[in-house]
Structures are given as structure tokens and as C-alpha cells.
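K.L.:
There's a structure below that I have some questions on.
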Amino acid sequence: MALQQQRRRFLRLAGASVGMSAYASTLGIQCSAVAGSDSLQPAERRRPALKEVYKEHFLIGMAGDLPGNYSQQELALVKEHFNVVTPENCMKPGPVHPSENIWRFERCDALVKWCLDNNMAVHGHTLVWHAQTSDWFFRDGDKSVVVQRMKDHITTLVGRYKGKVRSWDVVNEAISDGGHSQTAQTENLRNSSWLKAVGPEFITLAFKFAHQADPDAKLYYNDYGIEAGPKHASAMVLLRRLIKEGAPIHAVGIQGHWSTRGIPYAALDRAIAAFASLGLKVGITELDVTIGGASGGQFGPRRFANLPPPSPEDLKTQADAYARLFAIFVKHNQVVERVTFWGLSDRRTWRFGQHPLIFDANNQPKPAYWAIVDVLLNSNRDLPAPR
Ligand code: 9MR
């Protein structure tokens, strides 16, 4: 960071500490005395817990198959900042239910136990998906057989963690990426094995089965790219149909796999309001913002894996992007119930090499972390005007 820029940031942080103490005390956060000093480094400023900073607004989550092979330092970081955990892979149909009569609950059980022991909620991910789902679900069966298999899968998994998993991604990524004409809006469902075997009602059925298994769990439809463009229009068509068919759906998950090169801020702002107008809550379920690279959904572009370390300017751009996003989430805090990062650090991320998260590979807070904190604790922080 250029010296001048660094100095401006230090002074801003110093100024922030004065203005933030009143607000911080209402949040129950102790502010360290941060005197205006040229030697002040963000690292020397007391590091508030994100879950405390945002506790009046929404849950703050991370994804990972905890405790697994996470180090004590990583687990401590999770406990410090987050109050809800999404299993990144272990609860998906493929890993947990590889064949009809085989269940692998070990990692899921360990995760749920660790979270409960540490006073953290669990968001289950994911019951019905086109990916990471073994072929046996669809083999040698007509529609009624496949529906029964889906029902058994959902009933067993949701039932096992009834009262322990607060919410579930019931159906994940059912909408196709291919756009459609804005004038002829359709659900544009992905031509998945579920759609082929059961037809569009597979989504409604999945919600009904999940609700039967745990009537208290909050049930999500989860997808990427549904905040903007034709995919947003499709999501609205699909959600209206689900509600009409009596699907017990409570929330929409906007995954939030973005890149600093193109975040649709204005569309996101409108999309949250549009989903709320259907009577649904919204979760930001898989948040990460790469520095450059592509936005997208699953199976990230591995060709970015060898990008050089981010420059101070890149980190600042990323911090500003996160701040703008959190300002939108705060604006909609009556609707947004949870913001979950997809991973823990730039080491624990599916987009390794693209530096997408708010803790670096050594678990240290990046400028993006401070920017998110400052959205609430330092209203003086100058945010770029919304586009
Ligand atoms: O982060 C997950 C990665 O470890 C897996 O290899 C991948 C396999 O599909 O799934 C990743 O998580 C995805 C999530 O389950 C659904 N939305 C997109 C996520 C990133 O690909």
C-alpha cells in the first residue's frame, strides 16, 4: 500500500475508534483505546468478533467439514467469529448416502456434535442436487421408485438431525444457466436426472418431505446467479409456483460466488426485496469474492489456481466490494437472516489461489474483514457510491 494511502487508512481507523465506542458498547463489544498514531496498524486494533458486530442483524456463518482436519488455530477462528456452520461436503447425497443401503454419517455426526458443543447452529447442505449424487437414486426405477428413494433419503437425513440442524438447503441449483428471453419467462430448469425422472414437481416434493421430517427446520431453495438477469426472473417464476403448490419453503439462498470484476449490486438490492415480496427470507449462503477471476457457481476455474499474491490495491478493491455488499445486507436486515462465507480462509476455500475470503491463508484478517466490521462500527468509512 502506498505510504500515503496507508496513513489515510490508519487515521481513518483511529478516528473510527472514537465514534464506534458508543455503538460498540450497545453491542457488548469492548473497544480498546486506539489512539491516533502513525504507527497504528489494523493488526493492533482490537479485533471484534463478526458474530457480535452483526448479532442484531443476521447470523454470520462459514462452510467447512468441521472439525475434520482443521487445526486448533482454525477451529478457534471459527469459534471466535461465526455462529452458524454449513457442512461444505459431508452432508451432500454422494458422500453421505453413496448407495441405497449405505449411509456414512461419521463426519456429519462429528460436525453436528462439534457445533452443538461449541454453541453454533448448523445449516444442512444439501438434500437434492444434480451434482455429488450417486446414480443409484435413478437406476432401474420409474417415477414412483425415484420419488420413494428421494423421500427415504430426506426423511432419514433430516430426521436424524431433527432439532439439531436449524435449516436446510432442500434443493440446490435447479435452474439452468442458459438464459431465456426476458419476455417469455420460464423456470428454465436444469435438465438433471431429478427433472428427467420425476418432472418439475421433484422440487415441491422435496420440500414436503423435509418439512414432514422436521417441521421446525427452515427450508431453503439455494442457487447461484439468481440475483440478476434471466436467472433471477426464472427464480421468481419457480418460487411462485412452489408457493402455489404448497411447498413449505421459508427462504431463498443467494449463494454469492462473486468476483471484484462484476458484482451486480443494484440487482442484488432489488432481488432481496423481490424475494421478500413473496414472503420469503433470504440467506447469503456461499459468499466469496475473488480478486479478479470469474464469478460463478460450482466447480471453480482451476486455471486461476496459480495467480500471484494480491497487491494492496487488489485487497482494497476487495475490501470495498465486501463493504458494499454488507451495506446492502444491513439495509435488508429484516429479510436477510444469515450471511455465510464459503470456507474459512484463503487456504480453506474451493477457489484456492483467488484469495476470495476475509482471512488470509495464515488465518489473519484481511482488509476485507476490517471493511465489513466498519460497515457497522465506523459509519465514517467512505464507501463508493452504489452503481
Ligand atoms: O466447496 C465445495 C467443493 O469442495 C466441492 O469439491 C464442490 C463439488 O461440487 O462443491 C463445492 O461447494 C459447492 C456447493 O456445494 C454448491 N454451490 C457451489 C459450491 C462451490 O462449488
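The values are calculated or read from the model by the stated rules, or taken from the named source; none is laboratory data. All values derive from a computational prediction rather than experimental measurement. Glycine also receives a Cβ, built like all others from the backbone with ideal geometry; neighbour counts cover every protein chain displayed.
K.L.:
Considering only residues that are among the polar types (S, T, N, Q), away from the ligand (no atom under 14 Å from the Cβ) and surrounded by 20 or more Cβ atoms within 10 Å (Cβ to Cβ), which ones fall in the stretch 54-97?
P.N.:
Answer for the stretch 54-97, where residues must be among the polar types (S, T, N, Q), away from the ligand (no atom under 14 Å from the Cβ) and surrounded by 20 or more Cβ atoms within 10 Å (Cβ to Cβ): just 83.
K.L.:
Take the conditions assigned to a loop (DSSP other than H, G, I, E, B) and surrounded by 15 or more Cβ atoms within 10 Å (Cβ to Cβ) and apply them to residue 130. Does it pass?
P.N.:
Spelling it out, residue 130 is indeed assigned to a loop (DSSP other than H, G, I, E, B) and surrounded by 15 or more Cβ atoms within 10 Å (Cβ to Cβ).
K.L.:
Could I ask something else about it? Taking residue 167 as meeting all but one of (1) surrounded by fewer than 19 Cβ atoms within 10 Å (Cβ to Cβ); (2) modelled with pLDDT of 95 or more, write down the number of the exception.
P.N.:
Checking residue 167 against (1) surrounded by fewer than 19 Cβ atoms within 10 Å (Cβ to Cβ); (2) modelled with pLDDT of 95 or more, the one that fails is (1).
K.L.:
Can you pull out every residue in the stretch 319-355 that is away from the ligand (no atom under 16 Å from the Cβ) and part of a strand (DSSP E or B)?
P.N.:
Once the filter is applied, which keeps residues that are away from the ligand (no atom under 16 Å from the Cβ) and part of a strand (DSSP E or B), the stretch 319-355 yields 336, 337.
K.L.:
Taking helices (runs of 4 or more DSSP H) that do not extend beyond the stretch 194-303, which have at least 1 residues that are within 16 Å of the ligand (Cβ to nearest atom), at negative phi and not aliphatic (A, V, I, L, M)?
P.N.:
On the way: elements: 201-213, 229-244, 265-277.
Those helices (runs of 4 or more DSSP H) span 229-244.
K.L.:
Something else about it: Identify, from the list 243, 254, 249, the residue that is free of Cβ contacts under 8 Å to residues at least 60 places away in the same chain and surrounded by 23 or more Cβ atoms within 10 Å (Cβ to Cβ). Explain how you work it out, then say what you get.
P.N.:
Details: 243 fails: surrounded by 23 or more Cβ atoms within 10 Å (Cβ to Cβ); 249 fails: free of Cβ contacts under 8 Å to residues at least 60 places away in the same chain.
From the options 243, 254, 249, the qualifying one is 254.
K.L.:
Here's a check for you: in the stretch 325-345, which residue that is closer than 15 Å to residue 258 by Cα and not hydrophobic (A, V, I, L, M, F, W, C) is surrounded by the most Cβ atoms within 10 Å (Cβ to Cβ)?
P.N.:
Applying the filter and picking the extreme gives 340.
K.L.:
Only one residue in 254, 291 is among the hydrophobic types (A, V, I, L, M, F, W, C) and in contact with a Gly (Cβ under 8 Å, 6 or more places away or on another chain). Which one?
P.N.:
Selected residue: 254, the only one of 254, 291 that is among the hydrophobic types (A, V, I, L, M, F, W, C) and in contact with a Gly (Cβ under 8 Å, 6 or more places away or on another chain).
K.L.:
Quick check: anything in the stretch 117-132 more than 30 Å from residue 53 (Cβ to Cβ), aliphatic (A, V, I, L, M) and touching a Leu at 6+ places or on another chain (Cβ under 6 Å)?
P.N.:
No, the stretch 117-132 contains no residue that is more than 30 Å from residue 53 (Cβ to Cβ), aliphatic (A, V, I, L, M) and touching a Leu at 6+ places or on another chain (Cβ under 6 Å).
K.L.:
Let me ask something additional. Among the residues of the stretch 130-148 satisfying the criterion of being closer than 24 Å to residue 285 by Cβ and touching a Gly at 6+ places or on another chain (Cβ under 9 Å), which is farthest from the ligand (Cβ to nearest atom)? So that I can check it myself, show each step before the final result.
P.N.:
At the first step, the residues of the stretch 130-148 found to be closer than 24 Å to residue 285 by Cβ are 130-134, 137.
Filter again for touching a Gly at 6+ places or on another chain (Cβ under 9 Å), leaving 131-134.
Values: 131: 5, 132: 5, 133: 10, 134: 13 Å.
Only one residue fits best here, namely 134.
K.L.:
Right, another one. Could you check how many residues of the stretch 149-182 are in a helix (DSSP H, G or I) and more than 16 Å from the ligand (Cβ to nearest atom)?
P.N.:
Step one: list which residues in the stretch 149-182 are in a helix (DSSP H, G or I), which gives 149-160.
From what is left, the residues that are more than 16 Å from the ligand (Cβ to nearest atom) are 149-156, 158-160.
Going through the stretch 149-182 one residue at a time, the tally reaches 11.
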